[in-house]
Amino acid sequence: MALFILKCMDTKKFLSTLGRRIRLVRRVKKLSQETLAERSETHPSYISEIELGKTNASIYTYYKIATALGVSLQELTAIHLGRANHHNEEQIALLISMLRRLPRKRQSIFLSGIISLIKTAG
């Protein structure tokens with residue numbers, strides 16, 4: 001999937017989209033750029049450049065940012081083609097964040113319920 005996306009997007013658009021995704025998750029988590037920089041052992045101006053799509057950071061830097069945001073690298077880099085509904089993306093990111101904070105047993109209960117709802121919605 002990632003290879004397909006890279007073939008469809010030029011580097012500038014890809015970095016811009018990834019930067020917006022990082023900003024979105026950061027804002028949903030109610031973190032400042034300074035806090036994210038501290039947690040990811042980077043500089044706030046570097047976080048700003050990444051969020052603006054002005055720099056192509058290393059995979060390790062993206063991993064540190066994802067870890068600091070409490071999401072997986074795969075989740076952070078999940079870029080959907082086409083127009084995104086930013087409100088829905090924020091809600092999905094918030095839901096995932098909330099689920100991750102629950103004990104495993106409660107996660108399983110909520111996930112089963114969500115999956116059932118989605119399946120019945122068709």
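All of the numbers you see were taken from the coordinates with simple rules; none came from a lab. Only a predicted model underlies this, so the values are computations on that prediction, with no experimental measurement involved. Reconstructed Cβ throughout: ideal geometry from the backbone, glycine too, with neighbour counts over all protein chains shown.
Here are the numbers for this structure:
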| item | result |
| --- | --- |
| Count of lysine pairs in the chain with Cα separation under 18 Å (8 or more residues apart, or interchain) | 4 |
| Within the range 35-60, backbone nitrogen closer than 16 Å to the virtual label 7 Å beyond the Cα of LEU73 toward Cβ | 40-41, 56-60 |
| Per DSSP, loop GluC sites (Glu not before Pro) in the range 21-113 with at most 14 further Cβ within 10 Å | GLU41 |
| Choice from SER58, SER97, SER32 showing the highest fluctuation, given a GNM over the chain with Cα pairs closer than 10 Å | SER58 |
